[in-house]
Amino acid sequence: MTGQRVSRRRLLGYSGVTLAAGAAAGAGLVSVAEADEGDPGTGGSVPFFGAHQSGIATPVQDRLHFASFDVVTDDRDRLVRMLKEWTAAGAALTGGHPYGSAAGGLPEAPPDDTGEALGLPPARLTLTVGFGPTLFDKSGKDRFGLKARRPAALIDLPHFPGDNLTADRSGGDICVQACADDPQVAVHAIRNLARIGFGVVAVRWSQLGFGKTSSTTPDQQTPRNMFGFKDGTRNISGDDHAALDRHVWASAKDGAAWMAGGSYLVARRIRMHIETWDRTSLKEQQDVFGRMKGEGNAYGAKQEHDPVPLGRLPADSHVRLAHPDSNGGVRILRRGYSFTDGSDGLGRLDAGLFFIAYQRDPRTQFVALQNRLAGTDHMNEYVEHVGSGVFACPPGVQKGGFWGQALLG
Amino acid sequence: MRPAHLFATTGAVLISLSVLSACGKDDDTAAGKDAAIKVTATDSSCEVGAKSGAAGATTFKVTNKGSQVNELEVLAPDGKIVSERENIGPGTGTEVTVTLNAGTYKILCSAGMTGKGPSQTFTVTGQGKAADPRLDQAVAAYRIYVGEQVDDTLAKAKTFAASVKKGDAAGAKAEFAPSRLGWETTEPVAESFGDIDPKVDLREADLKKGDTWTGWHQIEKALWKTKSLKDEGPYADQLIKDLETLKVRVGTASITATSMANGAKELLDEVATGKITGEEDTFSHTDLSDFKGNVDGAQKAFELLKPVVQEKDAELSTELTDEFAKVQKLLTKYEKGDGYVSYDTVGKAERKELSDEVNALGEPLSKLAAAVAK
């Protein structure tokens, strides 16, 4: 629409400053994690443009709003136009700017930006976009001529023992992971992208997360999940480039050239049976994890980050089963959040872990790990997987480019 | 309709009507660029910083220096509310922008938000630039359409009322939804007469203790829920009386191109908030018929404005054309006989599909008024 275009031009006019600043971070574009992203609370901004999308290896923020969309048009051009507009909006929002005019536009027109983030700092907002299997092939229908470009690694996840997935919490053609230190900033971002997308995409499901459960900055203490435990203490660090290249970033050699520098996201809504867990003895709780609840040290280790003497842990403990050494060195980058969506109508807390993991190939990483865990993990008594999604997150956006350009450009 | 909505909507409609009435003339007038006119409200006074102004967009900057919550109303020469702003707390202020034609207005402050209070007159003179004649044509054609729709709804409501009074429940049930269709196509215009809408279209959930409930939905409940028509005769008569009042008044409605556009958007809002959820016709489940009426009314307004929109924003025009076609196509899936399937048979996934399409149309439709006003 013309009106919107006008405001967009205005927007790019002034946000150019931010974009230039992002580019000035220079080397940061090569290794995003080295850029100055500010600490929680300082409200800094994370560079939007770069070799990799932010929101993967960059430091984990406190809050999440994750949304999965269905594409509701078969018109590829409209989809591309929307991704371009999303990119312009993403650059503005992550810089702490409204997208277009939030107040002071034409009085007859609704404001471009919904306005609830006005006056708030960028809060390290990152927006990470991914493409689901159904974008490439929806029940045999190749809506956008992308079927042949579907990466082999972008599989339909198999059924795992114990899965109780609901369709309206699973799947989707496109996902956006919005992370920020202020929930209002993350919600604002998803709300405005959804609004821009009306007619092209429709929200299929979305999830709010309030407490990060993993860290990509190993000097920090590992946050606790809703079980009250630290988990994923040996997460891949955002500055461990060798590990990122080996386990997280897809390579052109992997098959799909357009995914080089991208990563595969697996999301699982894992409901925890909070009430039964809370009635469980400390010993059993610790046995389930194979670590102490207080310090977070594994059985047989002294401190949280000490090496884990696997043999000292119960055979069915979560830490032992999920440990790289039990899985031929397989690692994933975890970036999950706790969630509580009120109660479930039976008076039970509807809470758990919104698990997010990034990896180079879900077939050899998440699927292998989850098959192992779903079969034998003692923790399964207390959790149930109720939502699921897998998405191919393309590489980072270059200035002047757009999300998914290598695929759709 | 729903009353919480009524005030908001009515306010919005009236603002838009007035914006419309000056549409095409407001952009460049001196008044439009004038500084805001200060209004100081107290619990007992209403001081307006100017006695007159030029036609066009006018901004009142109101400050509440009293101890009670206040409300600012801009009243047209005929006494109708052109714009209002409620809930101005003590010590706070706000701005109200409204487009005014030549005439003598009243600026009223109402401490305690009773709708009454001290006022001052405000005289508007002059005229903005000449309106686009195509917009005048669109408004004229829309007036005819609105008149026809009101006639249609009145005629069908009479048949419906007759069946109700005869105690013919089967006949009345079949006639209920068709009798509402014309009303639903033109609801924003009807709502601009603030008193008719609550009389004919109030839902049970909108009532507060002590309210008298009249109108279609009162009879709807008697037909589908309590299944007794013995007390319904007076309600049937009242419905016809109120619709006859609408018919008399509708010719005097202030309609402009902008108010048509805003009305179209509001019709989609009605769909999005009331019909998609099945709240509108909670006993009869004839929501899809009302849905169709709302969409048809919005589409009519758009099509009449389309020649101008196409020129001012071709992309918007194409998008709206496509989305209207998609909604209409989707609705055909649910056709049954002369009407639609009962909404309680429409599943969650199908309702979501309808909701997604309403959003897909509603978003570009919200840009129509600005495109017309440009």
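The values are calculated or read from the model by the stated rules, or taken from the named source; none is laboratory data. In this text the structure is predicted, and so the values were computed from the model without any measurement. A quick note on method: Cβ atoms are made from the backbone with ideal geometry, for glycine too, and the neighbour counts reach across all protein chains shown.
Considering A:Ala351, A:Ala374, which residue is part of a helix (DSSP H, G or I) and closer than 27 Å to A:Gln177 by Cα?
Numbers: A:Ala351 fails: part of a helix (DSSP H, G or I).
Selected residue: A:Ala374, the only one of A:Ala351, A:Ala374 that is part of a helix (DSSP H, G or I) and closer than 27 Å to A:Gln177 by Cα.
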Region B:336-365 residues that are among the charged types (D, E, K, R), paired with ones that are assigned to a helix (DSSP H, G or I) and surrounded by 21 or more Cβ atoms within 10 Å (Cβ to Cβ) (beta carbon under 6 Å, 6 or more apart): B:Glu357/B:Val327
Residue check, B:Glu175 in the same structural domain as B:Gly274 (by TED's automatic domain parsing), acidic (Asp, Glu), in a helix (DSSP H, G or I) and over 20 Å from the mean Cα position of the chain (by Cα): yes
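Looking at B:Thr123, B:Thr63, B:Thr40, can you tell me which residue is surrounded by fewer than 16 Cβ atoms within 10 Å (Cβ to Cβ) and in a strand (DSSP E or B)? Spell out how you get there, then give the answer.
On the way: B:Thr63 fails: surrounded by fewer than 16 Cβ atoms within 10 Å (Cβ to Cβ); B:Thr40 fails: surrounded by fewer than 16 Cβ atoms within 10 Å (Cβ to Cβ).
Result of the check over B:Thr123, B:Thr63, B:Thr40: B:Thr123.
Table: residues versus (1) assigned by TED's automatic domain parsing to the domain that holds B:Ser179; (2) under 18 Å from the mean Cα position of the chain (by Cα); (3) charged (D, E, K, R).
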| position | (1), (2), (3) |
| --- | --- |
| B:Gly274 | yes, yes, no |
| B:Lys312 | yes, no, yes |
| B:Leu320 | yes, no, no |
| B:Asp344 | yes, no, yes |
| B:Glu353 | yes, no, yes |
| B:Asn359 | yes, no, no |
Test: residue in region B:121-138 that is in contact with a Phe, Trp or Tyr (Cβ under 8 Å, 6 or more places away or on another chain) and not hydrophobic (A, V, I, L, M, F, W, C): yes
Set A:Asp306, A:Asp325, A:Asp344: member being at pLDDT below 95, touching an Asp or Glu at 6+ places or on another chain (Cβ under 6 Å) and over 14 Å from A:Met226 (Cα atoms): A:Asp344
Filter result (acidic (Asp, Glu) and either under 18 Å from the mean Cα position of the chain (by Cα) or assigned to a helix (DSSP H, G or I) (or both)) within region B:196-227: B:Asp197, B:Asp201, B:Glu204, B:Asp206, B:Glu220
Among (1) assigned to a loop (DSSP other than H, G, I, E, B); (2) over 24 Å from the mean Cα position of the chain (by Cα); (3) over 25 Å from B:Ser342 (Cβ atoms) - the single one B:Phe193 does not satisfy: (2)
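For region A:51-70, how many residues are in contact with a helix residue (DSSP H, G or I) (Cβ under 7 Å, 6 or more places away or on another chain) and within 18 Å of A:Leu208 (Cα to Cα)? I'd like the intermediate steps shown before the answer.
Taking region A:51-70 as the starting set, the residues that turn out to be in contact with a helix residue (DSSP H, G or I) (Cβ under 7 Å, 6 or more places away or on another chain) are A:51-52, A:54, A:57-58, A:63-65, A:67, A:69.
Subsequent filtering for residues that are within 18 Å of A:Leu208 (Cα to Cα) retains A:63-65, A:67, A:69.
Of the residues in that region, 5 qualify.
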Where a residue in region A:280-291 is in a loop (DSSP other than H, G, I, E, B) and its partner, wherever it lies, is surrounded by fewer than 19 Cβ atoms within 10 Å (Cβ to Cβ) and among the basic types (Lys, Arg), with Cβ under 9 Å and at least six apart: A:Gly290/A:Arg312
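Residue-by-condition table, conditions (1) surrounded by fewer than 23 Cβ atoms within 10 Å (Cβ to Cβ); (2) touching a strand residue (DSSP E or B) at 6+ places or on another chain (Cβ under 6 Å); (3) away from chain B (no Cβ under 12 Å):
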position	(1), (2), (3)
A:Asp75	yes, no, no
A:Trp86	no, no, yes
A:Leu93	no, no, yes
A:Pro110	yes, no, no
A:Gly115	yes, no, yes
